[in-house]
Structure formats: C-alpha cells, structure tokens
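In what follows, a structure is listed as structure tokens, so that the remarks can point back to it.
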Amino acid sequence: MDPDTTPESAGGLADPRAALLAAALSHVPFDGWSEATFRAAISDTGIEPGLARSLCPRGARDLAVLHHRRGDEAMVRRLRELPPSGIKFREKVAQAVRFRIEAAGDREVVRRGGALFALPANAAEGARLLWGTADQIWRALGDTSEDYNWYTKRATLSGVYGSTVLYWLGDESVGSAATWAFLDRRIEDVMQIEKIKAQVNDNRVLSRLLAPAQWALGRVRPPVRMPAEGLPGTWRGPN
C-alpha cells in the first residue's frame, strides 16, 4: 500500500510528505534545505524516521523539489481561473510568472532553494525544475508547438522567470511593484524578438535565404511525454 494512504504509520497524517514539507519550511530560513532541517521536520511531525527516509531518500533535497512543484501546481490552478478571453496573451504570460512567484512564499526559503540548486551536484536538477515551470506555464496557456518553437518558448520563458525571481529576491518596493515592472519589461523584450521573427518571415529575400534552416528546424520535435501516471511500466519519484 502507498505510504501516503497509511495515516496510522505516519502519526495519523494522511499525507506525510506534505506534513514534512510544512514542518521543514519553518526551519529552512535558518538551516537551509539541509539534513538538520530534515531531522527537525521528522521530529516536529512525529513521523517514523524510516518512513520519512523512504518517502524522501535524499532528505531535504526531495522536500525542496516538492516545494517547487507544489508552487507550479498552485500557479496552474490560478491560471485556470482566468477568464478565457478579454486578456492579451502577453498579459497572461506575465500573470503566470507573477502567480508562480507569489506561490513561492517566503523569500528566504526561495533564496535557500537557489543556493541548494546552484551547487554543482544539484545544478542539473535545478535546471530541470526551472524548465518544468516554463513548460507548465506554456501548457496551461494552451501551447501547441510541435517543432523547434517548443524549445525556444520554454528556454525564453525560463530566462524571464529566472531573472524575475532574482530581481524579486532583492526587491524592497511596496507590493513588489518594482518586480512586476521589471517583469513587464522582460515580456516586452520577448515580444520584440517575436516581432523581428515575423518581419523576417514576411521579408521575401530573407525568408528565401533562411528557408533551408527553417526547414531543418521544422523537423525538430518536442520530447515524447511519459504515459499517464498509474499505467503499467511507469514510475514517478518524490514530487
């Protein structure tokens, strides 16, 4: 039986991983996403240490990943509540980034997470989480790209999101107003790039010169997604 469905073995907690994360968040600003934080979370929740280790084999690092993905989920829920029309697409992108930052919670928790995933051993996973956030935004906004644009959209948005988070961490303006102004400028920069691409495509000479490259790029396809969770032959790690 899945440990998440055995509250008796987790001190009466229906979702022990969520309980560990909630307990850890009060320690992260002081001890980071560390072994000390993980042990404190186990102590605070009363969860049996063996169960906690089985749920989070890498300790606080798994909780940091869970925290990031929970932020993505909160952002997607807010995006789904937006009206289907009446909002410009660029505004939806900006709102998505803002929703994701607001879902991050305490700045020090985010700062500690950045320090964790900046370590060489964790950098690849940090990059995957950042890419995953951008992918979640585009999917929620209905992106249907099936060529190289799938990659360029996510790479560009990853840069926008990452730079805005860094700005937000040092922002002391009321209501983070300076951060949202910074975000608007970054989105405007991206839109300018899209305008240039459209102008190149509309230019008869340039479009002919770039036709071979466009053809090659058009053959690029996004990665094949894993089957729906729960089907035979699939596995999902701690999230």
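Which residue, of A41, A60, A52, is within 25 Å of Y161 (Cα to Cα), crowded, with 20+ Cβ neighbours inside 10 Å and in contact with a helix residue (DSSP H, G or I) (Cβ under 8 Å, 6 or more places away or on another chain)?
Within the list A41, A60, A52, the selection yields A60.
Being farther than 23 Å from G175 by Cβ, surrounded by fewer than 20 Cβ atoms within 10 Å (Cβ to Cβ) and modelled with pLDDT of 95 or more narrows it down to one residue among E102, E73; which is it?
The unique qualifying residue is E73.
Could you tell me whether N122 is closer than 27 Å to T37 by Cα and out of contact with any Gly (no Cβ under 7 Å at 6 or more places or on another chain)?
Here the answer is yes, as N122 does meet what is asked.
For segment 86-99, how many residues are surrounded by 13 or more Cβ atoms within 10 Å (Cβ to Cβ) and free of Cβ contacts under 8 Å to residues at least 24 places away in the same chain?
2
Return only the number of the condition from (1) at positive phi; (2) touching a residue at least 60 places away in the same chain (Cβ under 8 Å) that G46 does not satisfy.
Tallying (1) at positive phi; (2) touching a residue at least 60 places away in the same chain (Cβ under 8 Å), G46 fails exactly one: (2).
Does any residue of segment 81-90 turn out to be modelled with pLDDT under 95 and either in contact with a strand residue (DSSP E or B) (Cβ under 6 Å, 6 or more places away or on another chain) or in a helix (DSSP H, G or I) (or both)?
Checking segment 81-90: at least one residue is modelled with pLDDT under 95 and either in contact with a strand residue (DSSP E or B) (Cβ under 6 Å, 6 or more places away or on another chain) or in a helix (DSSP H, G or I) (or both).
Take the residues in segment 143-193 that are at pLDDT below 90 and outside any helix (DSSP H, G or I), then tell me which one is surrounded by the fewest Cβ atoms within 10 Å (Cβ to Cβ).
T144
Which of the numbered conditions does H68 fail, given that it passes all the others? Conditions: (1) modelled with pLDDT of 95 or more; (2) surrounded by fewer than 20 Cβ atoms within 10 Å (Cβ to Cβ).
(2)
Take the residues of segment 105-125 that are touching a residue at least 60 places away in the same chain (Cβ under 8 Å) and in a helix (DSSP H, G or I): which is surrounded by the most Cβ atoms within 10 Å (Cβ to Cβ)?
G113
Could you tell me whether A74 is within 24 Å of L25 (Cα to Cα), of a type in the set (A, V, I, L, M) and without any contact (Cβ under 8 Å) to a residue 12 or more places away in the chain?
no
The values are calculated or read from the model by the stated rules, or taken from the named source; none is laboratory data. Treat the numbers as computed from the prediction; the structure is a model and nothing was measured. Cβ sites come from the backbone with ideal geometry, for glycine too, and all protein chains shown count toward neighbours.
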